[in-house]
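The values are calculated or read from the model by the stated rules, or taken from the named source; none is laboratory data. This structure is a prediction, so every number in the text was calculated from the model and none was measured. Quick reminder, even Gly has a Cβ in these numbers, built from the backbone with ideal geometry, and neighbours come from all protein chains shown. Just so you know, the surface numbers come from the protein's heavy atoms only, side chains and all, with ligands and any DNA or RNA stripped out. Shrake-Rupley method; radii C 1.70, N 1.55, O 1.52, S 1.80 Å.
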Amino acid sequence: EKGGYEHFMLKEIFEQPKSIQDTLRGRLLVNEGIIKMAGIWDHLERINKAERIIIIACGTSWHAGLIGEYLIEEFARIPVEVEYASEFRYRNPIITNKDVVIAISQSGETADTMAAIKLAKEKGAFIYGICNVVDSSISRYSDAGSYTHAGPEIGVASTKAFTAQLTILSLIALKLGKHNGNLSNAEFMNLITELDNIPKKVEDVLNSTHEYVKKISKDFVSATNFLYLGRGFNFPAALEGALKLKEISYIHAEGYPAAEMKHGPIALIDENMPIVIIAPKKGHYDKIVSNVQEIKARKGKVIAVVNYGDEQVSSMADYVIEIPETSECFSPIVASIPLQLMAYYIAVYRGANVDQPRNLAKSVTVE
Ligand code: F6R
């Protein structure tokens, strides 16, 4: 059942080229130059005329939502807010029938997310569900939606469901942007061509980083804290990297936008602090270079996720994980892979139960 892998989590990490491809299949038709999504197409007017899109989720799905915000605002130019379901439902939110709510949930059963969309629906919002489990409560309650076709996710730590969520959100943002005229045909074609390359790049990154990440993970078994930093689209990827590590290895980790470091976390940096920094060429690279300089001046241990052939960040970093280049908007998908592997191996070396971490449940059906 684990297909020869030691844990479901590792199996699911390695399934990602396929799960992303399965999520794109039948939707991304590059040769015809279209994205086919019935859930969006049937309600295009409602969604594209939304005054606001509110993305509601918990945990890893909330991190996907943050990247969804960047994607939708960038390509469709519709204002987006991202809310923790548990906060939204209890704070008397302003919501009208001109709002569209996107609920993201792997299980489709998360109690807080379900309660939040009920509240939003009562106030007239249109509910779009992005779920992995077919016929789950959230998918049934939604007015429309798209399934992520990641297949069953058994490991408690979400991996392939997360990258499938990013895939769906990319498709939605690009489709909306194309139909509302914010994306030119040429821009749209470039982006969908690159999105089509993502399963292959994910496969490449799995093959090229697996052994190296496995090896360096040994160096961190005794770490007590980690920082994860990224900017732009990769800021939420840093949050997700930190969540993966803490939930399965029980090492305290925090994700931050790299520029926020100097507003507090920089005080933590010394020679004992490992800092994962996501620094692909496209997306605020020069700014990240200065962040790395600031970290090295305080002797932090830098684990840099960079593109092949990178020089500046790599020359300063203690560990260099190379990933293929892609558009900035899709880079969180590719950059997340080595971070998942690193969390996995650190947890395994610490003897933790990676598939069933203590205190956690796969589907949080109580609030
Ligand atoms: C983290 C993780 C949780 C879930 C969260 C929401 O790896 O799995 O943070 O993402 O409980 O679950 P869903 O997506 O099922 O609503």
For residue 49: the one exception among (1) more than 18 Å from residue 144 (Cα to Cα); (2) more than 15 Å from the ligand (Cβ to nearest atom); (3) open to solvent by 10 Å² or more (accessible area, probe 1.4 Å): (1)
Condition met for residue 149 (open to solvent by 30 Å² or more (accessible area, probe 1.4 Å), touching a residue at least 40 places away in the same chain (Cβ under 8 Å) and more than 16 Å from the ligand (Cβ to nearest atom)): no
Residue within region 315-338 that is open to solvent by 10 Å² or more (accessible area, probe 1.4 Å), of a type in the set (S, T, N, Q), away from the ligand (no atom under 16 Å from the Cβ) and in a helix (DSSP H, G or I) present: yes
Which numbered condition residue 85 misses (of (1) free of Cβ contacts under 8 Å to residues at least 40 places away in the same chain; (2) crowded, with 23+ Cβ neighbours inside 10 Å; (3) over 19 Å from residue 132 (Cα atoms)): (3)
From the options 361, 347, 352, 343, residue that is open to solvent by less than 70 Å² (accessible area, probe 1.4 Å), part of a helix (DSSP H, G or I) and either over 14 Å from residue 274 (Cβ atoms) or modelled with pLDDT under 95 (or both): 347
From 293, 340, residue being polar (S, T, N, Q) and within 21 Å of residue 268 (Cβ to Cβ): 293
Residue under evaluation residue 246, criteria (1) open to solvent by 60 Å² or more (accessible area, probe 1.4 Å); (2) at pLDDT below 95; (3) closer than 18 Å to residue 66 by Cβ, criterion not met: (2)
Out of 161, 111, 186, 115, sole residue that is within 11 Å of the ligand (Cβ to nearest atom) and open to solvent by 10 Å² or more (accessible area, probe 1.4 Å): 111
Boolean, residue 2 is away from the ligand (no atom under 14 Å from the Cβ) and either at pLDDT 95 or above or in contact with a Cys (Cβ under 9 Å, 6 or more places away or on another chain) (or both): no
Near pairs, Cβ below 6 angstrom, 6+ apart or cross-chain, from region 5-21 (free of Cβ contacts under 8 Å to residues at least 12 places away in the same chain) to any residue that is part of a helix (DSSP H, G or I): 5/11
All positions within region 347-367 that are within 11 Å of the ligand (Cβ to nearest atom) and closer than 17 Å to residue 112 by Cβ: 360, 361, 362, 363, 364, 365
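Here is a yes/no grid of residues against (1) assigned to a helix (DSSP H, G or I); (2) in contact with a Leu (Cβ under 6 Å, 6 or more places away or on another chain):
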site: 242; (1), (2): yes, no
site: 248; (1), (2): yes, no
site: 262; (1), (2): yes, no
site: 270; (1), (2): no, no
site: 275; (1), (2): no, yes
site: 281; (1), (2): no, no
site: 288; (1), (2): yes, no
site: 291; (1), (2): yes, no
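Among the listed residues 211, 203, which satisfies the condition of being open to solvent by 10 Å² or more (accessible area, probe 1.4 Å), in a helix (DSSP H, G or I) and in contact with a helix residue (DSSP H, G or I) (Cβ under 6 Å, 6 or more places away or on another chain)?
Values: 211 fails: in contact with a helix residue (DSSP H, G or I) (Cβ under 6 Å, 6 or more places away or on another chain).
Unique residue meeting the criteria: 203.
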Given (1) in contact with a helix residue (DSSP H, G or I) (Cβ under 7 Å, 6 or more places away or on another chain); (2) open to solvent by 20 Å² or more (accessible area, probe 1.4 Å); (3) under 13 Å from residue 169 (Cβ atoms), index of the condition residue 67 fails: (2)
Qualifying residue in region 78-92 (condition: polar (S, T, N, Q) and within 10 Å of the ligand (Cβ to nearest atom)): no
